[in-house]
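The values are calculated or read from the model by the stated rules, or taken from the named source; none is laboratory data. Computed from a prediction, not measured in an experiment: that's the story for all the values here. Cβ coordinates were reconstructed from backbone atoms using ideal geometry, including for glycine residues, and neighbour counts include every protein chain displayed. With ligands, DNA and RNA removed, areas are computed over all heavy atoms of the protein, side chains included. Shrake-Rupley method; radii C 1.70, N 1.55, O 1.52, S 1.80 Å.
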Amino acid sequence: FDTPINRKFVLSRAGSSGFFLSLGTTMNTWPQQSAVADFYGANLKITKGVAGPDPAWEKANLVLVPIPWKAVAAWDKTIPLKSFRVHTKVAESLGCILGNVWDAFGKNQKTIEAKNLHLIGGGYNWRQMRGKAALSMHAYGCAVDLDPAHNGLGDPTPDMDLRVVEAFKAENWIWGGD
């Protein structure tokens, strides 16, 4: 992993139902959608003419980042979730952020739930961007969705608690809701 001084992260609502995470370089150049495969590695395998995820890429690049509070799937609250599956390049920072959010909310599950932060839309998911041919940032493991019902793609009035936004910014992430 790069040290915190040598990394910059972007948190933006574009391309997902919540936020996408894009790791930049020390020169503050951010990979655009067209450059993410070069940065994160190409996650594409064609089998019998059908495109899909590359199992070797998934094995080499994806890790689980624990969620410190009790969380559930936003689409089915009966499914408990214990972690985000993300690219190794964003894992360390995301872990710090989640820990800082937990601390900012007093390690209080009821407070987390009052802000819907226990509702997780997901992390890694091999899929295309909605309405486009390019792969989603989720397909590279550099995207997570928090409270997607209130922070969805195209929502002109996202409702993310400022403490969450500040926790991401403390790790040099930029929130797309700004």
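Among the residues of region 37-72, which ones are assigned to a helix (DSSP H, G or I) and surrounded by 13 or more Cβ atoms within 10 Å (Cβ to Cβ)?
Across region 37-72, the qualifying residues are Ala37, Phe39, Tyr40, Trp57, Glu58, Asn61.
Being touching a residue at least 40 places away in the same chain (Cβ under 8 Å) and within 24 Å of Glu113 (Cα to Cα) is the filter; apply it to region 139-151 and report the residue that is most open to solvent (accessible area, probe 1.4 Å).
Ranking the qualifying residues of region 139-151, first place goes to Ala149.
Exactly one of these conditions fails for Pro80: (1) open to solvent by 40 Å² or more (accessible area, probe 1.4 Å); (2) assigned to a helix (DSSP H, G or I). Give me its number.
(2)
Say whether the condition of being out of contact with any Phe, Trp or Tyr (no Cβ under 6 Å at 6 or more places or on another chain), open to solvent by 60 Å² or more (accessible area, probe 1.4 Å) and in a helix (DSSP H, G or I) is met by at least one residue in region 83-93.
Yes, region 83-93 contains at least one residue that is out of contact with any Phe, Trp or Tyr (no Cβ under 6 Å at 6 or more places or on another chain), open to solvent by 60 Å² or more (accessible area, probe 1.4 Å) and in a helix (DSSP H, G or I).
May I ask you to verify whether Ala133 is farther than 20 Å from Glu166 by Cβ, without any contact (Cβ under 8 Å) to a residue 12 or more places away in the chain and either outside any helix (DSSP H, G or I) or not hydroxyl-bearing (Ser, Thr, Tyr) (or both)?
Yes: the conditions hold for Ala133.
Identify, please: which residue in region 144-178 is at pLDDT 80 or above and not in a helix (DSSP H, G or I) and is, among those, nearest to Ala104 (Cα to Cα)?
Within region 144-178, the match that is nearest to Ala104 (Cα to Cα) is Asp161.
If Ser34 satisfies every condition in (1) modelled with pLDDT of 50 or more; (2) more than 17 Å from Arg127 (Cβ to Cβ); (3) open to solvent by less than 50 Å² (accessible area, probe 1.4 Å) but one, which is the exception?
(3)
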